[in-house]
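The values are calculated or read from the model by the stated rules, or taken from the named source; none is laboratory data. Note that the structure is predicted; figures quoted are calculated from it, not measured. Every residue, glycine among them, receives a Cβ derived from its backbone with ideal geometry; neighbour counts consider all protein chains shown. Each accessible area value is taken on the protein alone, full model and side chains, heavy atoms only, with ligands, DNA and RNA left out. Shrake-Rupley method; radii C 1.70, N 1.55, O 1.52, S 1.80 Å.
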Amino acid sequence: MKRFKPVKTLPAGFAPAMLAACQQLLQREGVQIKLQWNEQEVFASFDGWWLCSSFIPQAKVRDGRCQLQQYAARLRIFGQFGQALPANWLFAMNYGETKAVALLKLIRVLHVLNHLGRNGRHLALRIDVDPRICHAYSDRIVDFTALLLETLEFPANLSQMLLFLDERTGELGLSLLRRYRQHGHRLALGDFGAGGQDLLRLWRLEPDGLALAPRFMSRAVMYPRVRDQLLQLAPQLVEQGFALAVEDIVCQNMLGLAQRMGAEHCSGPLLSERLKRQRAAREVALSGIAC
């Protein structure tokens, strides 16, 4: 696949020391995978699949302008002939414990390394952690994550973990939250509103934030009763100190609803396009000043 043809020169923003440190860390952890790179990113081949990272910008909207807050990492998986595999954690279920843990470590390295190289050190990174369909291996890489961030000198408080929990994984989620918090990470609950016990879980775990379930948001746009309930609940949660994230925003109606709820992090095609336009306008303005 042309995208994954390695080049000799590292992409802009990536330092040789960063790559070497991550490669050595993986080898010490028993992950015998070679990191490779093209002109814009670092990637790796795992069991015949190409793995790389993509990043979704999350912004706060104020006075009609988007203020970039952080990036959410996404795993991208491709076959040797370009076919894409759904990049969810079901990918990890094909392997036994040793290989699955190695895979999760490799993914975490790709996310953090590419974030630092492509997005810089000044913006936070959100990483999704789903113990439901990872054979509960998520707890095996908490300390590895801390070591990785220390190796790359990236502060733990700029790395937020988004936990996806249900009735079966409540205890594991509590353990994960405590362990990550001990390392200084910020924590949030994902897919909020999709489960019947989400509020109870929120009070029990007391995370720093929550990400609204996209289907809950879609229903709120379509059905006035759901919208009224959401507009009553969400601002109260924000007032109590929970940072709210609203994702998959595709239209102005959804963005307006997110703003009324007091969302701190908004993301989706609509926001990504606005951020691109703002960045292009800044570059034009700067070029005019330079002339």
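Oblate is the label for the chain, because the ratio a/c of its alpha-carbon gyration tensor axes (a ≥ b ≥ c) is 1.5 or higher and a/b is not greater than b/c. With θ taken as phi - 60° and the Karplus curve 6.51 cos²θ - 1.76 cosθ + 1.60 applied, the whole-hertz 3J(HN,Hα) list for segment 75-85 is 7, 10, 10, 10, x, 5, 10, x, 5, 8, 9 Hz, x standing for glycine and proline.
Note on segment 164-243: with neighbouring protein chains present and a 1.4 Å probe, carbon and sulfur make up 49 percent of its accessible heavy-atom surface. State the answer as a single residue: which of 221, 193, 270 lies farthest towards the positive end of the charge dipole of segment 163-291, with beta carbon charges of +1 for Lys and Arg and -1 for Asp and Glu, about the Cα centre. Highest projection toward the positive end goes to 270.
Which of the listed residues, 54, 9, 67, is farthest toward the dipole's positive end in segment 1-89, when Lys, Arg count +1 and Asp, Glu count -1 at the beta-carbon? Positive-most Cα among the choices belongs to 67. On a 25 Å Cα-Cα criterion, which of the cross-link pairs 2/34; 5/276; 5/34; 8/99; 8/34; 2/60 come out too long? Result: 5/276; 8/99; 2/60 exceed 25 Å. Taken per residue, the accessible surface of segment 1-56 reaches 55 Å², heavy atoms only and a 1.4 Å probe. Along segment 245-261 the Karplus relation, 6.51 cos²θ - 1.76 cosθ + 1.60 evaluated at θ = phi - 60°, assigns HN-Hα couplings of 10, 10, 10, 6, 7, 10, 8, 5, 4, 5, 5, x, 5, 4, 5, 5, 7 Hz to successive residues, with x for each Gly and Pro. When the charge dipole of the chain is built from unit charges on Cβ atoms (+1 for Lys and Arg, -1 for Asp and Glu) and taken about the Cα centre, the candidate among 232, 82, 124 whose Cα reaches farthest toward its positive end is 82. Sequentially through segment 103-111, phi angles give Karplus couplings (6.51, -1.76, 1.60; θ = phi - 60°) of 4, 5, 5, 4, 4, 5, 4, 4, 5 Hz, Gly and Pro residues having no value and appearing as x. Placing +1 on the Cβ of every Lys and Arg and -1 on the Cβ of every Asp and Glu, with nothing else charged, gives the chain a dipole about its Cα centre of roughly 700 debye. Counting only GluC sites (Glu not before Pro) that DSSP places in a loop and that have at most 12 other Cβ atoms within 10 Å, the longest clean stretch of the chain runs over 154-291. Amide H contacts of residue 124: 71, each under 5 Å away and 5 or more positions distant or on a separate chain (H built 1.01 Å from N in the peptide plane; Pro and chain starts excluded).
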